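So the structure is just underneath, and the comments pick up after that.
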Amino acid sequence: MENQSLKKILITVVNVVIMVAILIFVVLYSAFTSRDSYLRQIEHFVDTTVTMEQVTENYLEGEQRICDVWANYINNKDMTMEEATAYIRASHVLKNASAHLIYPDTLTGLSTRPKQGTVDDYTVSYERVGLLDGIDWDNEIGKAINITRAYTNPMNGEQSLAFCNTVSLYDPESETSRSAILLRVLPISELEQKWVFPQTELVNAGLSMIDADGDYIIKGYSFKNSSLFEFYKSYNHTDPESADQLFEQVTSSTGYVSMLNSHGQECILAFTPVDATSDWTMLGIVPAEDLHVDKENWLMFWVVSAGLLILFICDMFYMLSLNKRLQAAAREAEAANKAKTDFLSTMSHDIRTPMNAIIGLTTIAGKNPGDVESTKDSLRKISLASNHLLTLINDILDISKVESGKLKLSPLTFSIVETVENLINISQPMIKEKNLEFRFNISRMENEYLYTDQLRLNQIYINILSNAIKYTEPGGEVSVGLNAEESSVPGCVRMTYVVADTGIGMSPEFIETMYQPFSRQIDSRVNSIQGTGLGLAITKQMVELMGGTIDCVSEPGKGTTFTVVLDIPLADRQREDMQLDPVDVLIVDDDKIMLQTAVDTLESLGASAEQAQSGPEAIGMIERRHTSGRDYDIVIIDWKMPEMDGVETIKRVRSDIAADIPILLISAYDWSDIEDRAKEAGANGFVSKPLFRSTLYDKINNLIGKECRSHEPEDDNSDLQGMHILVAEDNDINWEIISRILTSFGIITDRAENGRVCVDMIRAVEKGSYDLIFMDIQMPEMNGLDATREIRGLENPWAAYVPIVAMTADAFSENVTECLNAGMNGHIAKPIDIKLVIKEIRRIREDREQL
Amino acid sequence: MKKIMCILLTALMILGLVSCGPVKQEAVIDEKFKPRLDTSTSCHINVAGGYDNFEALEAEFDRFNDHYPNVELVFTKVDDYNNMIGTVLNGNDAPDIYVNYSWMYGRDQYKSSIDHAENLSDPALGLNLNCIRSNITLKTDDGKLPMVPVFANTYGMLVNNDLFEKEGLSVPTTYRELVEVCDAFRKRGYKSPMMGFSKEETTSIFTLTSYPYFCGTVADDAEAVKKLNALDPPAGEYMRPAIEKTVQFFGDGCVDLEACDEIENNYDAVILRFFEGDVPMMAGSGDTVSGTEKRESRYEAFIDAPFSYSFAPIPMSDDGAYFLDMPNLQFSVNKDSQNLDMANEFMRFLISSDELNEMAEIKGLMSPTRDLSFDSMYAAFGEVPESRILSPEEIGLTDDALVQVRQAVFKVGTGEMTIDEAIAGYGSYPLT
């Protein structure tokens, strides 16, 4: 347990580690791509700043050129200050532009536009402006753009820039040339309107231009302080050395640095020299976050994270669920294993018990070969133990198939009449043994032939009936009802099979689990009854496989009623229209329901039926008819009746009224016990309950002399005398058994040791040499199926159509189907039931005769 | 019983908490600036002044942008500000808010600067004028308030606190203590316990020491003020106590004038000399103090041996020091501003204790607000009793009269004149 817990933790840790590793990868990858993209954006921003520098430079050069043109003209003309001013005034194009001519020594001069608030005051003074002090103009003028910082125009108070040049003016007072500074003055507002980054994504970007000291020539909104370097130092931690290096870098190259702005935001400061000026630098600044455009990487991160988390949680839940299911399955397997162990233990006991009987009784029989009675008794008991053992083995095999899901139906056409007869025949010994009151009622059984898996249907009916018989105390009652109704399924008949007993019943707790394999009710009475605990499980599986339902009503001590409802397809083949010649029939039974059913059946066959509920009443009616000369054509009398039984009634009819009226004796049981007495009393024949339509038809026709389909008496085996059967059997013992049994019926047998020998023998013999082949399936060299196929493929028509019946231990329905598909005519399961063997031989012979 | 008591106490506590909560909340809300205009308003506000660099105001711009992110505020330096502001206000680049000075009241050449100013005492504007010390909130004769101070100025001395601590001395609060402290320092090897700029009259050590004392001598004498303002030479006698006190001060050996003469100007050089770390007291103005913080990282002597310092009034009287409270920088709103509402909104934002203190702290100047304790640099001025806080404007002394006093003291201090000569020269000193 602790180990499992450790494993769980290990798996969880491994999962988490993998998730974390993936997330780290995603984060690193995102960071890498984001960083890459960010760097590209920075490069782009630097390029844009460079472009802006070029645009600005072009603009400044243009303005400077105008100033230079004026200066050249003035210098060439030897003008006075007034003349030069007048010339420039005449040259003005821009409304807001002006020009100032200033003597550097006095810092006074003239303006081309009058002072604010005057119309004729053109004098201008730069004494207090602090713009023109201490500038060495000589090295600059005419070589580059020469522009002042932003300053307050002393004439109108506007923040302005001035492009400068020097001119030489004629001074009338001293009659000499006098140097002056020419300033082409432009309001900054003019420039600011043109001076913005064009890209919409750079809306928060700002531009500035600084001189070599870092002071702003033109200051954009995003820049603070009066100097870039003050701006930088105000909001960024630095030491003097680093600051100096940075300023050197900014003022001497093109590139970028990262810095914090006044909001504490990280910004990218791009810089590039303004080439046409002396030591000026163009600056661009933009918040770094504006350059982080790949935000989808984070989206990817969150999506991957969420995905992994969901996956992890789902996996965890799935694993937990799987573990639970596995644990449940393990518990079930354990329980099943225990159940099987218990079952095997039980089976071991249950198998050993009959085996013990067989071995022990065989030993006893072997030691007393001369004691015929003792030997017969031992053999009878061995037979009983063998049959039980066979049932046990069949059940084990069936439940094995049920559990493995390999149980399949093998439908074939069969007679429900035979099925019921078989059911009764099988159950009769136990009913008689336990002296049970047994009733079997049928109704509306109009169709004899149905199409389903007869073997499984028998199994269902027998299992339920045998349980009822087994668990009903001696002297109790078991009644069976089989009712055919119209089915909602097209082409089917709804068969409702009801078995009610007055047995020990079942507890509600057991009813809940009774269909589970290996379950048997814990009851001292049950423990004394042989059973595998598999019967009901098999029955339920088969009912469900056939699309039916099984219900049970039970009360401990009062009895149980099982109801099985199946929709069974009708076979294509049905008996030809069964109509009797007009006959008068008297039917006698104390059971009114049976009586009415029989009357209905007889009338449906075209007979005129009358009924009597007792022997005396029947005698009276027969006598009256006889007296009137209208004897009944046939009288059918139930054996067991109160007051006067059937045999006595027959005896009285024969002795008192008429000796030649055909009389059939009805019995719900095997009539072998009363056969001699009944024949002696004058019974012409016997008929078993329930009275099927076809049975009545056959029996009546047989009695009144018409040819009909009927079985030979079971104890008359003369019809088998001289038959010649080939037995393909590789096992010597099995060969000996079948050979001796058949020989006891006067049948001549030959042996083929395997399929190949069998084929060769058939190919070699003359036509009609064999009436039938019993074919084992599993044989060396060539198996029975291949042998059959080869025989069916022979050119000799007789050989190709010789009847072949499988006689094999492969007893499942699919084995039967396989045999039939191979071309066989029937199937007998090992261990063989001699009655079934004889019955099969007769069926084959009859079929051949009909052909 | 205990249970009931517990329940009752718990209920009372909860009630107390619940009832206290909103009051506190309200108090906070009351002090917080609440925008009155649409915060998405987009406009441009130009503030004009004479500073090259107004980092403190730009910080306020950023803080205002927290409320109005789309308002672009810029500070524009106007060259030759005092002379040009009138022209600027009448031109195309007229600012929305501009720096103004109360000394311009009544002077024709600055009439435009006063005339363009909106009356900021209008209650509709919602300015919290109560946060500013009333003696520096100066109205015109007709009761209007064209400008409000955003910084204050005073005269005093930078004190090297580490030196005082090292020598086990306390910052003096009376003249006697001052002399004793100087004597103590001198005995411990400090040649000039107090220094100051002495080369020119403007904010010279003579002015800084005598001017508050002089104001104290005439503060309650309206007749004297009247005569002094008239520049009547006999009024020079009102200067005598102050000049004699100055002479006494220098005679008491507190100052080595030769050492002071080495200080080249009244700003950088004063700070540089103080940062040398061997001067216990350095006379200066608030303007000088405002430059100290930035220079801490520039002067190697201070970088190598930093020390703590503060600004304190110079105690020239045995009764204690005078706190000469003067407006330094005042803001006016251009009543013709195209964005007048937003300009007023910015002023409403700015005129609060928090913002003015914040701005003053960044700038290093004295805050105009009532509470000076927030700034350790000026905290000593907050301890001066109200009776010894003087405002030349409130006293009524004109700038011209003050120029006469400063000149006279300077000439006596530098030995150019005797006390009598200086007093006799009252009214004859050139006006700058």
> Accessible surface of B:Arg63 in the full protein assembly, 1.4 angstrom probe, to the nearest 10 Å²?
Replying inline: 80
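What is the sum of charges around B:Asp80, taking Lys and Arg as +1, Asp and Glu as -1, for the other residues whose C-beta is under 11 Å from the C-beta of B:Asp80?
On the way: positive: A:Arg128, B:Lys77; negative: A:Glu127, B:Asp79.
Charge balance near B:Asp80 sits at 0.
Can you check what the net charge comes to around A:Ile737, using other residues whose Cβ is under 14 Å from the Cβ of A:Ile737 (Lys, Arg +1; Asp, Glu -1)?
Working: positive: A:Arg740, A:Arg751, A:Lys830; negative: A:Glu729, A:Asp730, A:Asp732, A:Glu736, A:Asp776, A:Asp833.
Here the count lands on -3.
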> Short version: which residues of the range A:151-171 lose at least 50 Å² of accessible area, all chains versus chain alone, 1.4 Å probe?
Replying inline: A:Thr152, A:Glu158, A:Gln159
>> Among B:Asn119, B:Asn70, B:Asn46, which one shows the highest mean-square fluctuation when chain B is modelled as a Gaussian network with alpha-carbon springs under 10 Å?
In response: B:Asn70
>> Give me the 1.4 Å probe accessible area per residue for the protein assembly as shown, excluding ligands and nucleic acids, in Å².
In response: 48
>> If you take the accessible area of A alone plus B alone and subtract the pair, what total do you get in square angstrom, rounded to 100, with a 1.4 Å probe?
In response: 2100
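Quick one: net charge of A:Met542's neighbours, Cβ under 9 Å, K/R +1, D/E -1? Can you show the working numbers first?
Values: positive: A:Arg456, A:Lys540; negative: A:Asp398, A:Asp453, A:Glu544.
In short, -1.
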>> Using a Cα-Cα cut-off of under 18 Å, which lysines could be cross-linked to A:Lys689, ignoring same-chain neighbours fewer than 8 residues away?
In response: A:Lys432, A:Lys592, A:Lys640, A:Lys699
>> If DNA, RNA and ligands are ignored and the probe is 1.4 Å, what is the ranking of A:Asp750, A:Asp776, A:Asp275 by accessible area, most exposed first?
In response: A:Asp275, A:Asp750, A:Asp776
> Quick one: Cα centre-to-centre distance for the range B:206-252 and the range A:160-221, in angstrom?
Replying inline: 50
>> Just to be sure I understand the interface: list residues from the range B:43-76 that lose 50 Å² or more of accessible area between the chain on its own and the complete protein assembly, 1.4 Å probe.
In response: B:Glu55, B:Glu58, B:Asp62
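Counting helices only, and only those DSSP H runs with n ≥ 4, report the 222 nm mean residue ellipticity of the protein assembly as shown as the sum of -39,500 (n - 2.57) divided by its residues, in deg cm²/dmol to the nearest 500. Write out the running numbers ahead of the final one.
Working: 43 runs with 583 residues, N = 1283.
Computed mean residue ellipticity for the protein assembly as shown: -14500 deg cm²/dmol.
Based on the Cβ-Cβ distance from A:Leu309 to A:Glu248, what FRET efficiency comes out when R0 is 45 Å, to the nearest 0.05?
Values: r = 51 Å, r/R0 = 1.13.
For R0 = 45 Å, the calculated efficiency reads 0.30.
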>> What does DSSP give for the protein assembly as shown in terms of the percent of beta bridges that are antiparallel, rounded to the nearest 5?
In response: 65
>> On a straight-distance basis, which aspartates and glutamates could pair with A:Lys95 in a cross-link, Cα separation under 19 angstrom, same-chain partners fewer than 8 positions away excluded?
In response: A:Glu63, A:Asp120, A:Asp121, A:Glu158, A:Glu190, A:Glu192, B:Asp93
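Protein chains only, probe 1.4 Å: how do A:Ile650, A:Ile748 rank by accessible area, largest first? Before the final figure, lay out the partial values.
Numbers: A:Ile650 0, A:Ile748 85 Å².
So the residues, ranked largest to smallest area, are A:Ile748, A:Ile650.
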> Do you know the relative contact order of the range A:296-398, to the nearest whole percent, from alpha carbon pairs under 8 angstrom that are 6+ apart?
Replying inline: 21
>> Classify the range A:408-569 from the C-alpha gyration tensor, please: rounded if a/c falls under 1.5, else prolate or oblate depending on whether a/b exceeds b/c.
In response: prolate
> Any idea what angle helix A:372-404 forms with the longest principal axis of chain A, computed on alpha-carbon atoms, 0 to 90 degrees, nearest 10?
Replying inline: 20
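Quick one: order A:Arg456, B:Arg370 from most to least accessible surface, probe 1.4 Å.
B:Arg370, A:Arg456
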>> Tell me the accessible surface of A:Tyr449 in square angstrom (1.4 angstrom probe, heavy atoms of protein chains only), to the nearest ten.
In response: 10
> Taking all protein chains as present, what is the carbon and sulfur share of the accessible area of the protein assembly as shown, in % to the nearest whole number, probe 1.4 Å?
Replying inline: 52
> Roughly how much of A:Arg763 is accessible, in Å² to the nearest 10, using a 1.4 Å probe?
Replying inline: 120
>> Report, to one decimal in Å, the Kirkwood hydrodynamic radius for the protein assembly as shown based on all distinct Cα pairs.
In response: 45.1
>> Please give the Cα centre distance for the range B:99-144 versus the range A:548-569, rounded to the nearest Å.
In response: 111
> Using Cα pairs under 8 angstrom and six or more residues apart, how large is the relative contact order of chain A, in percent?
Replying inline: 6
>> Which of the three applies to the range A:718-850, rounded, prolate or oblate, going by the alpha-carbon gyration tensor with a ≥ b ≥ c and a/c under 1.5 meaning rounded?
In response: rounded
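With the Cα gyration tensor of the range A:296-398 giving a ≥ b ≥ c as the square roots of its eigenvalues, does the rule (a/c under 1.5 for rounded; else a/b larger than b/c for prolate; else oblate) give rounded, prolate or oblate?
Numbers: a/c = 10.16, a/b = 6.63, b/c = 1.53.
Here the range A:296-398 falls in the prolate category.
The values are calculated or read from the model by the stated rules, or taken from the named source; none is laboratory data. As the structure is a computational prediction, the values presented were derived from the model and not from experiment. Positions of Cβ are backbone-derived with ideal geometry, glycine not excepted, and every protein chain shown enters the neighbour counts. Note: areas computed on protein heavy atoms with side chains; ligands, DNA, RNA excluded. Shrake-Rupley method; radii C 1.70, N 1.55, O 1.52, S 1.80 Å.
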